[in-house]
Amino acid sequence: MKPAPFDYYAPSDVGEALSLLTEHGDDAKLLAGGQSLMPMMNMRLATPQVVVDINRIAGLAGIAQASDGGLTIGAMTRQRTVERSGEVRQRCPLLADAMPWLGHFQIRNRGTIGGSVVHAYPAAELPAVMVALEAELVLRSAERERVVPADEFFVTFLTTATEPDELLTEIRLPAWSAAWGWDIQEVSRRQGDFAMVGSVAMVQVDDAETCRAARLVLFGVGESPVRVASAEARMVGQRLDDALLQEVAEIVTEALDPEGDIHASATYRKEVGGVMARRTLQQARQRAVDAS
Ligand SMILES: Cc1cc2nc3c(=O)[nH]c(=O)nc-3n(C[C@H](O)[C@H](O)[C@H](O)COP(=O)(O)OP(=O)(O)OC[C@H]3O[C@@H](n4cnc5c(N)ncnc54)[C@H](O)[C@@H]3O)c2cc1C
């Protein structure tokens, strides 16, 4: 299919793009990598009257170290650039490990980190990673700039806190502690497909393998990333042995309330969610032990 007719603008600076968003509101859509927007327009699941192409705006892409030791990543940074960045590998290895899971490299060559985050597909990896990292999203409109924590940013299916007149300019990742062990894994039908179920785990342990901090976020099992606070609370202060991780897997299975669809039933997603949580926690524990 072909998209419905639309007006196309290619502003050369952020101010011009924001004026267009202010003028056209809900009728406008920003075009970043186009890897989600264009298929949706072709299928007429999205019918914007105005498309604002932000690819020609300088300054929206780039990866830089922040003054607090964290990372600032421009919204228009291509997914492949993030994947290949030595800075990201060194300062946020979880994000580096997440990138190859996003579709195929052809998609990642065009797709942007900001587009993936704002698109907020429930089975996408980056929203879950942003929640696990406790990232901050910087939104700009013609009137103001605001910073939204990741756990408030992802609202529901394909919906974020981004208003129609706002543009995501950058993502701020807090400084990474070398004490973190981490992992991300998912189950999909074929390599590059969206996840049926996925898990992101981060843990810190002391010398006796007692858990000092834990974060666990599942994706593909709800309308947006699911951080399982009850599982995190069960781990902190306890020795992270296999028996405890099996108990945590059961807590996760119990906590999840996914929908079934043509890819996987709700029961499958609940069961496999627990298994994926356990596997990612085991790998994260190993890395944390190696680091301690
Ligand atoms: C075959 C295929 C397989 C894929 N598999 C995966 C996968 O396994 N995992 C995965 O995570 N993704 C997958 N994707 C999606 C891919 O990662 C997209 O690149 C991503 O979802 C959107 O990024 P984009 O830059 O292409 O955004 P676009 O498609 O251009 O935009 C997506 C949405 O975000 C909005 N938007 C974009 N940038 C901004 C901004 N800076 N500020 C405000 N709003 C903005 C747009 O208006 C639009 O609504 C797949 C895509 C395809 C075609």
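Could you tell me whether segment 170-177 includes any residue that is touching an Asp or Glu at 6+ places or on another chain (Cβ under 7 Å), surrounded by 22 or more Cβ atoms within 10 Å (Cβ to Cβ) and part of a strand (DSSP E or B)?
no
State whether one or more residues within segment 226-236 are buried (at least 16 other Cβ atoms within 10 Å of the Cβ), over 24 Å from CYS92 (Cβ atoms) and either modelled with pLDDT of 95 or more or out of contact with any Ser or Thr (no Cβ under 7 Å at 6 or more places or on another chain) (or both).
Yes, that holds for at least one residue.
Say we look at segment 146-183 and pick out the residues that are acidic (Asp, Glu) and in contact (Cβ under 8 Å) with a residue 60 or more places away in the chain; which of these is nearest to the ligand (Cβ to nearest atom)?
Looking at the filtered set, the residue picked out is GLU166.
Just checking, does segment 250-265 include any residue being polar (S, T, N, Q), assigned to a helix (DSSP H, G or I), within 18 Å of GLU186 (Cβ to Cβ) and within 20 Å of the chain's Cα centre (by Cα)?
no
Of all residues being within 6 Å of the ligand (Cβ to nearest atom) and assigned to a loop (DSSP other than H, G, I, E, B) in segment 100-120, which is nearest to the chain's Cα centre (by Cα)? Just the residue, please.
LEU102
Does segment 15-34 contain any residue that is within 13 Å of the ligand (Cβ to nearest atom), in a loop (DSSP other than H, G, I, E, B) and buried (at least 18 other Cβ atoms within 10 Å of the Cβ)?
yes
How many of the residues in segment 147-165 are within 12 Å of GLU134 (Cα to Cα) and loosely packed, with under 13 Cβ neighbours inside 10 Å?
1
Table: residues versus (1) at pLDDT below 95; (2) of a type outside the set (D, E, K, R); (3) within 15 Å of the chain's Cα centre (by Cα).
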site: GLN65; (1), (2), (3): no, yes, no
site: GLY69; (1), (2), (3): yes, yes, no
site: ARG91; (1), (2), (3): no, no, no
site: LEU94; (1), (2), (3): no, yes, yes
site: ALA98; (1), (2), (3): no, yes, yes
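When you go through ARG215, ARG189 one by one, which is the residue that is closer than 30 Å to ASP261 by Cα, more than 10 Å from the ligand (Cβ to nearest atom), in a loop (DSSP other than H, G, I, E, B) and among the charged types (D, E, K, R)?
ARG189
What residue, among those in segment 121-145 that are surrounded by fewer than 17 Cβ atoms within 10 Å (Cβ to Cβ) and not basic (Lys, Arg), is nearest to the ligand (Cβ to nearest atom)?
Only one residue tops the list, namely SER141.
Kindly list, by first and then second residue, each pair from a residue in segment 65-78 that is assigned by the TED database to the domain that holds LEU167 and within 13 Å of GLY115 (Cβ to Cβ) to a residue that is of a type in the set (S, T, N, Q) and part of a strand (DSSP E or B), limited to pairs with Cβ atoms under 8 Å and residues at least 6 apart or on different chains.
That search, which allows pairs on different chains as well, returns GLY74/THR169; ALA75/THR112; ALA75/THR169; MET76/THR112; THR77/THR112; ARG78/THR112.
Which numbered condition trips up VAL52, out of (1) within 14 Å of the ligand (Cβ to nearest atom); (2) within 18 Å of GLU163 (Cβ to Cβ); (3) surrounded by fewer than 20 Cβ atoms within 10 Å (Cβ to Cβ)?
Failed condition: (3).
The values are calculated or read from the model by the stated rules, or taken from the named source; none is laboratory data. Keep in mind it's a predicted model, so treat the numbers as computed, not measured. Counting neighbours? That spans all protein chains shown, and the Cβs are built from the backbone with ideal geometry, glycine included.
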